[in-house]
Amino acid sequence: MLIMAGTIKVDPHGDTPSYVQLADALRELIRAGEYGPREPIPSLSQLVGETGLAVNTVRKAIDVLVAEGRVYRVPGRGTFVSPER
């Protein structure tokens with residue numbers, strides 16, 4: 001996985017599953033303040049376009065972050081960074 005200036009690169013041939021690499025990259029961008037509390041993360045289609053991953057792979061990565069409580073979904077609006085605890 002490589003993160004540069006908001007660009008996320010995932011190695012589909014790496015030992016770590018692609019969805020885990022993407023979740024790790026998004027988690028790091030959130031931690032670094034690239035996306036602040038209550039701010040949207042890139043949309044599903046943006047992440048698919050940027051990474052070249054399948055929609056279901058991107059959705060699975062976001063599901064991981066939702067389960068961790070790092071992001072939340074608003075139907076029809078997008079996925080947002082959870083407020084700091």
Inset, instruction - Hey, can you tell me all the residues within the range 28-85 that are outside any loop (DSSP other than H, G, I, E, B) and basic (Lys, Arg)? - result: Arg31, Arg59, Lys60, Arg73
Inset, instruction - Under 8 Å between Cβ atoms, at least 6 apart or on separate chains: pull out the pairs that start in the range 34-59 with a residue that is within 16 Å of Val74 (Cα to Cα) and end on any residue that is of a type in the set (Phe, Trp, Tyr) and in a loop (DSSP other than H, G, I, E, B). - result: Ile41/Tyr35
Legend entry - Top-ranked residue of the range 57-85 - restricted to ones that are exposed (fewer than 11 other Cβ atoms within 10 Å of the Cβ) and not small (Gly, Ala, Ser), ranked as farthest from the chain's Cα centre (by Cα): Arg85
Inset, instruction - Can you confirm whether the range 69-85 contains a residue that is basic (Lys, Arg) and at pLDDT below 95? - result: yes
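The values are calculated or read from the model by the stated rules, or taken from the named source; none is laboratory data. Just so it is clear, the model here is predicted, and its values are computed rather than measured. Heads up, the Cβs are rebuilt from the backbone with ideal geometry, glycines too, and the neighbour counts pull from every protein chain shown.
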